[in-house]
Amino acid sequence: MMKIFLFEWKKILKKKTTWLLLFLSVVATIGIYFFHLSLANNVENKVINQYDFLINLYSQDAENSRLAKEKAIKEDDEDLIEEMTADEEYYRASSEKYQSFKESYQSGEWEVLYQEELNKLEYSAYPPLEGDGVVVTEGGGEITNFTQRATYEERNYMLDHKIDPFIQNTIYEMYLRTAYEDFGGKTLELWEDETDRYGKQGIYYIYQLIQSLYIPIIILLGCFIFGNTLSSETTKKNNGIRFHQVLPLNQTKLFVAKYLTGYLGILIFLMLMIGAPLIVGTLMHGFGHLDYPVLIYDGYTTEDMWKNAVEDTFHFITLQEYLVKTVWFTLVMSLLIYSFYYMISQFSKEPIFNTIIISILCFVGMQVQHPYNPFSYLNIDKLISHEIQLQAWNTDITYLTGIIIMLVIGLIFTVGNYIRFKSRTN
């Protein structure tokens, strides 16, 4: 079987289209990283501009207060002198404070900024009994207590572990976006602009790719490139001699070799498409921190399964734990999508058409969230964070259930592929 396996790989690697698609895919994913990097740099510049604006504003106010104080001295107005002296001191102190924050931001001394954030967040996240802790966004929406608590604990963890943050378009509290906000219209637009995060470091960028359905998309692309080892010989597209039908080969071994060739090709392609931006990001801006905290929702505290922003709890896992879970889930997700693709490809000779069909199937399937629907689990980030449970009002949609469902259905379709292959070759 090993000889057949190696022979199948040679056939794939001899195709110029395989190498062309691999090259274009790598160039595209690195290009997307540089586009993301340009967005991050633009946000950084906006933050610096916000600091400069406040520094100049307070400096000008301090100068105006100084001039007003000099005029009051000439007029011997003691009350105005005292008032303008206090104002001048306040404005100069504010200008110096933001100048210090700007320097800390530019030099990456995050502890200073974290502590300032924590001082502001503590009251709103954990208000005293007589307080309400209400915080309103720029667009007028009220930020929930859940988001305030999650942001506070995230920042506290990052301060304790000396972890670099993602970049956000704000000089104030860098809120962690959660599933508990329900903004709309202009408020939602402003909230997203303020809470969008950009990671320059290699592993941070990979984390953001996972959040954007990058993995199932790459699996589909991998199926398009490597998933046609059977269809190329079991459809009318290839009108040459079908060696697997005329040579004395064990059909089961032949199927296994062909099937594993495609599956392994997809996994290698996945590693390539994740490794390329990871390496580029690491070389340019460092690796990042595997201890970075990832928010996990603990679920509902009410019997009717409505979100309770005050009572609902949460915890954090490290980015390393998150990535380990992602790797295991990617293995079974690859098998599921690959087995579906193979089944379609044994009836259709066009890889592009097959990829479109599977893409539509995945997209439509994701809209129906049910514990026994394998497509409910394609969004790995929402699954690991338990956000999908809040959206679907169903606590049965879990990481373990997803692995079992995908693995079982993937194996069932694998057997179906084998049966179809045997019927065609016979």
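The values are calculated or read from the model by the stated rules, or taken from the named source; none is laboratory data. Quantities reported herein were computed from a predicted structural model and do not represent experimental measurements. So basically every Cβ, Gly included, is an ideal-geometry build from the backbone, and we count neighbours across all protein chains shown.
Would you check which residues across the range 255-302 are assigned to a helix (DSSP H, G or I) and among the β-branched types (Val, Ile, Thr) and list them?
256, 261, 266, 268, 274, 279, 280, 282
Within the set of pairs 6 or more residues apart or between chains, which connect a residue that is surrounded by fewer than 17 Cβ atoms within 10 Å (Cβ to Cβ) inside the range 406-426 to a residue that is modelled with pLDDT of 95 or more and of a type in the set (A, V, I, L, M, F, W, C) with Cβ atoms less than 6 Å apart?
Between residues of the range 406-426 that are surrounded by fewer than 17 Cβ atoms within 10 Å (Cβ to Cβ) and residues that are modelled with pLDDT of 95 or more and of a type in the set (A, V, I, L, M, F, W, C), the close pairs are 407/332.
Inspect the range 151-168 for any residue being of a type in the set (Lys, Arg), assigned to a loop (DSSP other than H, G, I, E, B), closer than 17 Å to residue 316 by Cα and out of contact with any helix residue (DSSP H, G or I) (no Cβ under 6 Å at 6 or more places or on another chain) and give the result as yes or no.
First, pick out the residues of the range 151-168 that are of a type in the set (Lys, Arg): 155, 162.
Those left that are additionally assigned to a loop (DSSP other than H, G, I, E, B): 162.
Pick out the ones that are also closer than 17 Å to residue 316 by Cα and you get 162.
Okay, now just the ones that are also out of contact with any helix residue (DSSP H, G or I) (no Cβ under 6 Å at 6 or more places or on another chain), so 162.
Taking every residue of the range 151-168 in turn, at least one turns out to be of a type in the set (Lys, Arg), assigned to a loop (DSSP other than H, G, I, E, B), closer than 17 Å to residue 316 by Cα and out of contact with any helix residue (DSSP H, G or I) (no Cβ under 6 Å at 6 or more places or on another chain).
With the structure loaded, tell me whether residue 180 is outside any helix (DSSP H, G or I), exposed (fewer than 14 other Cβ atoms within 10 Å of the Cβ) and not assigned by TED's automatic domain parsing to the domain that holds residue 292 or whether it fails that test.
Against the criterion (outside any helix (DSSP H, G or I), exposed (fewer than 14 other Cβ atoms within 10 Å of the Cβ) and not assigned by TED's automatic domain parsing to the domain that holds residue 292), residue 180 does not qualify.
I'd like to verify a number: residues in the range 308-346 that are farther than 19 Å from residue 221 by Cα and either surrounded by fewer than 18 Cβ atoms within 10 Å (Cβ to Cβ) or of a type outside the set (D, E, K, R) (or both), how many?
So the answer is 18.
Take residue 69 and decide whether it is outside the structural domain of residue 116 (by TED's automatic domain parsing), part of a helix (DSSP H, G or I), surrounded by 15 or more Cβ atoms within 10 Å (Cβ to Cβ) and at pLDDT below 95.
Spelling it out, residue 69 is indeed outside the structural domain of residue 116 (by TED's automatic domain parsing), part of a helix (DSSP H, G or I), surrounded by 15 or more Cβ atoms within 10 Å (Cβ to Cβ) and at pLDDT below 95.
Check 35, 7, 23 and return the single one that is modelled with pLDDT under 95 and either within 38 Å of the chain's Cα centre (by Cα) or of a type outside the set (Ser, Thr, Tyr) (or both).
Matching residue, one of 35, 7, 23: 7.
Yes or no: residue 120 surrounded by fewer than 20 Cβ atoms within 10 Å (Cβ to Cβ), charged (D, E, K, R) and either touching a residue at least 12 places away in the same chain (Cβ under 8 Å) or assigned by TED's automatic domain parsing to the domain that holds residue 295 (or both)?
Criteria met by residue 120.
Taking residue 206 and the conditions (1) assigned to a loop (DSSP other than H, G, I, E, B); (2) assigned by TED's automatic domain parsing to the domain that holds residue 388, which numbered condition does it fall short on, given that it satisfies the others?
Unmet condition: (1).
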